[in-house]
């Protein structure tokens, strides 16, 4: 371990190397050594012990309680350099030159903010670049028909399709009783909204824009014999501002359309990486539908908000969680039927996927590639085709767990997770507050994180999730 330690009291720091030599039990296979050591070190460094005494005490506790196949550990500590002024090196990095920014990054920032707008100054501050560079990129994006300029130097992402061009309204038009939606669909990423809307027939989009608050976007249309409405969140996660934003948007959606019976939260997610055996976990391009696994663990959505630690060893003893369960299992029953109808070469929602793919490709997909990315390590069938699979189980989110891979894997195994996402607890909480008992999350697997990192897989995964959503909605009674 290469460490840099600093004593604030004495304003003195040091760089040191700690070499650890591990001795294993005789019945342990050599192939297990590296993973065992990696897990040990990650747990050791979850919160670095403040001094040598606590460091060695922590090692002993881990060996006694969890890593029982370690017989002994020899530690060599060598100080390589003393540091008399910690700020001397860091100051060089603080005064960095203007960060590079691309036109795609500016477009992505506007997509995340949609249906809200962004000011030119805010974009420049976001990327730590000059206003002139931002204005150059904005002008280019506007010439492509991807964004529109509003008052007060504000910019908003728009779709090149004609249905979006005249969507800006100050008030939502009144919806007749026969056109009142009974199914609501919630998305977060812009590509998720595009994928979902490709599944909706006879659709009309409205953007209720506000300069001084949260804007709203609603797409109304039909899926099967159901009237549906889809919306997009501008922020998700466990930060206070994101929770307030996503919760209030969901509450306005459900309050504005009081006939809603079912809610689908549709988009991308991250796979659980703790299980490597084929068929035991979702892979890239597969789809996870949130559901409970058994009566002992009836939760469909779980958020880990804190870690409970032992005061002496600082080891994590339990997880602070909030859970939600589905009181109406009609969506799970339909999903199970679709899952049982899957074969090695075909899936029941492939028709909807291909229709959506053809529509998006023929109507300019704005740079997104919805076809399945090629990846040699992905699981495919015997003929080389990679048919997506359905997995059912709890979906979870957590800011604290993603800092420690070992804890994330342990949490996933303990709760039997099927996928992770970016954090939609305030959305689910709003669903419960509006007394809607039929709801779920559908996650197309895009990466090994929470779905937000896998840029290459996001379009395909989002479209697969949207196609499965359509297959489920068409079977709703």
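The values are calculated or read from the model by the stated rules, or taken from the named source; none is laboratory data. Please read these numbers as outputs of a predicted model, since none were measured by experiment. All Cβ positions, even for glycine, are placed from backbone atoms using ideal geometry, and neighbour counts span all protein chains on display.
Which residues, taken from the stretch 1-37, are modelled with pLDDT of 80 or more and assigned to a helix (DSSP H, G or I)?
30, 31, 32, 33, 34, 36, 37
Does residue 399 satisfy the criteria of being surrounded by fewer than 22 Cβ atoms within 10 Å (Cβ to Cβ) and within 22 Å of residue 235 (Cβ to Cβ)?
yes
Looking only at the stretch 234-252, count how many residues are in contact with a helix residue (DSSP H, G or I) (Cβ under 9 Å, 6 or more places away or on another chain) and not in a loop (DSSP other than H, G, I, E, B).
Number of matching residues: 10.
Go over the candidates 305, 262 one by one and state the one that is more than 30 Å from residue 456 (Cβ to Cβ), in contact with a helix residue (DSSP H, G or I) (Cβ under 9 Å, 6 or more places away or on another chain), modelled with pLDDT of 95 or more and not assigned by TED's automatic domain parsing to the domain that holds residue 36.
Only one candidate qualifies: 262.
Within the stretch 238-259, count every residue that is modelled with pLDDT of 90 or more and over 17 Å from the mean Cα position of the chain (by Cα).
12
Looking at residue 101 and the list (1) in contact with a helix residue (DSSP H, G or I) (Cβ under 6 Å, 6 or more places away or on another chain); (2) at pLDDT 90 or above, which single condition is not satisfied?
Here residue 101 meets the rest and fails (2).
Can you tell me how many residues in the stretch 414-431 are closer than 11 Å to residue 281 by Cβ and not in a loop (DSSP other than H, G, I, E, B)?
So the count comes out to 1.
Exactly one of these conditions fails for residue 289: (1) in a strand (DSSP E or B); (2) closer than 30 Å to residue 62 by Cα; (3) under 22 Å from the mean Cα position of the chain (by Cα). Give me its number.
Single failed check for residue 289: (2).
Every residue in the stretch 326-368 that is closer than 22 Å to residue 301 by Cα and surrounded by fewer than 16 Cβ atoms within 10 Å (Cβ to Cβ), please.
Correct list: 327, 328, 333, 336, 337.
For the stretch 332-340, state whether one or more residues are at pLDDT below 95, within 23 Å of residue 265 (Cβ to Cβ) and in the same structural domain as residue 467 (by TED's automatic domain parsing).
no
Of the residues that sit in the stretch 126-149 and are outside any helix (DSSP H, G or I) and touching a strand residue (DSSP E or B) at 6+ places or on another chain (Cβ under 6 Å), which one is farthest from residue 111 (Cα to Cα)?
Once the filter is applied, the top-ranked residue is 149.
For the stretch 195-209, enumerate the residues that are surrounded by fewer than 22 Cβ atoms within 10 Å (Cβ to Cβ), in contact (Cβ under 8 Å) with a residue 40 or more places away in the chain and either on the phi > 0 side of the Ramachandran plot or in a loop (DSSP other than H, G, I, E, B) (or both).
Matches in the stretch 195-209: 209 only.
Going by the conditions given, is residue 79 surrounded by 10 or more Cβ atoms within 10 Å (Cβ to Cβ) and modelled with pLDDT of 80 or more? Let's see the steps before the verdict.
Values: surrounded by 10 or more Cβ atoms within 10 Å (Cβ to Cβ): yes; modelled with pLDDT of 80 or more: no.
So residue 79 does not fit the description; no.
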